[in-house]
Amino acid sequence: MGSPQVSALAHLFKGSFVHATGSSPMDILQSHLLGVEESGKIAFLEPVEEQEKLAKKWGFKASEIRELSNNEFFMPGLVDTHIHAPQYAFSGTRVDLPLLQWLKLYTYPTETKYKDSDFAEEVYTRAVRRTLKNGTTTACYFATIHTDASLLLADIIDKFGQRAFVGKVCMDINESCPDYKETTSESIKETERFVRGVLEKNYARVHPIVTPRFGPSCTEEMLSSLGDLVKAHDIHVQSHISETEEEIKLVEKMFPAYQNYTELYDKNKLLTNKVYKETEMYH
């Protein structure tokens with residue numbers, strides 16, 4: 001029997017590598033070789049002393065190795081579990097107000113603009129490019145209530161090769177900006193369309209995530225229906241919880257039958273083992 005076939009290597013690097021393991025918060029591997037297959041899978045990470053052996057197995061030449069300088073090193077890509085892609089349009093600014101007032105004055109009016117696909121494509125492209133430039137190779141994105149623009153965000157992420165969850169935001173309550181909300185039935189229907197749209201693309205690295213914005217923007221009926229959708233497709237959930245005292249009191253007023261904010265999500269089948277919650281955990 002002959003030797004088993006190995007995949008062709010797309011990249012070869014020599015230098016220092018920094019990563020973490022279960023037993024060590026930081027391992028520094030100096031003078032190592034990294035081989036990457038065409039698929040993007042790491043084929044090996046071995047000391048340079050193994051170069052001759054590796055070259056025979058993988059069929060590469062020393063001239064094909066890219067050597068890092070003394071000031072360069074590799075590290076794993078960063079993971080950002082909470083990004084509001086549409087807010088990239090005013091990133092680093094407008095931080096002068098508490099949450100609910102900030103949403104009313106800045107965020108909701110900005111997010112209404114994403115019904116324009118050209119505007120959405122321009123900002124989303126810049127946002128994804130910037131996160132990748134900063135080393136974020138995996139991300140969890142909030143989009144807006146606009147289904148087509150949210151699907152466009154998924155396409156852009158896939159085009160740039162980032163791994164991500166993408167969520168169309170669900171809101172059927174918004175007294176502070178009435179033009180920026182959906183009806184309950186519309187939100188549920190459009191979320192189903194978004195989820196199907198992403199799943200049918202069969203992206204290698206991009207997945208849908210059900211995204212009720214936060215308690216004050218959702219009716220109980222919508223939360224429950226989204227919980228059913230999560231269960232039907234066995235997919236992830238993201239939202240917000242307990243960021244400010246004002247928000248917590250508003251949830252208590254809106255949903256008096258629930259003991260607390262967490263129970264609101266739990267009883268509506270949105271607190272699963274596939275959930276991401278952004279929280280400041282106000283006490």
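Worth pointing out:
- Every residue from the stretch 23-44 that is surrounded by 15 or more Cβ atoms within 10 Å (Cβ to Cβ) and either without any contact (Cβ under 8 Å) to a residue 40 or more places away in the chain or closer than 11 Å to TRP58 by Cβ (or both): LEU29, HIS32, LEU33, GLY35, VAL36, GLU37, ALA43, PHE44
- Residue list for the stretch 127-142, restricted to those being small (Gly, Ala, Ser) and within 10 Å of the chain's Cα centre (by Cα): ALA139
- Strands (runs of 3 or more DSSP E) enclosed by the stretch 34-152 - at least 1 residues per element that are farther than 24 Å from THR184 by Cα and touching a Leu at 6+ places or on another chain (Cβ under 7 Å): 42-47, 136-142
- For the stretch 126-154, the candidate set comprises residues that are without any contact (Cβ under 8 Å) to a residue 40 or more places away in the chain and open to solvent by 20 Å² or more (accessible area, probe 1.4 Å); within that set, the residue that is nearest to HIS82 (Cα to Cα) is LEU132.
- The strands (runs of 3 or more DSSP E) falling completely within the stretch 195-283 include none with 3 or more residues that are at pLDDT below 95, out of contact with any strand residue (DSSP E or B) (no Cβ under 7 Å at 6 or more places or on another chain) and surrounded by 14 or more Cβ atoms within 10 Å (Cβ to Cβ).
- All positions within the stretch 155-173 that are open to solvent by 10 Å² or more (accessible area, probe 1.4 Å) and within 10 Å of the chain's Cα centre (by Cα): ARG163, PHE165
- Only one of the numbered conditions (1) more than 30 Å from ARG213 (Cβ to Cβ); (2) under 25 Å from the mean Cα position of the chain (by Cα); (3) aliphatic (A, V, I, L, M) is not met by ILE28, and that is (2).
- Restricting the stretch 70-101 to residues that are over 20 Å from the mean Cα position of the chain (by Cα) and surrounded by 15 or more Cβ atoms within 10 Å (Cβ to Cβ), the residue that is farthest from THR137 (Cα to Cα): LEU100
- Residue within the stretch 72-85 that is more than 30 Å from SER217 (Cα to Cα) and of a type in the set (Gly, Ala, Ser) present: yes
- Just one of (1) of a type outside the set (Asp, Glu); (2) open to solvent by less than 40 Å² (accessible area, probe 1.4 Å); (3) touching a residue at least 60 places away in the same chain (Cβ under 8 Å); (4) not in a helix (DSSP H, G or I) fails for SER176. It is (2).
The values are calculated or read from the model by the stated rules, or taken from the named source; none is laboratory data. Since we're looking at a predicted model, the values are computed, not measured. Cβ coordinates were reconstructed from backbone atoms using ideal geometry, including for glycine residues, and neighbour counts include every protein chain displayed. Only protein heavy atoms, including side chains, enter the accessible area calculation; ligands, DNA and RNA are left aside. Shrake-Rupley method; radii C 1.70, N 1.55, O 1.52, S 1.80 Å.
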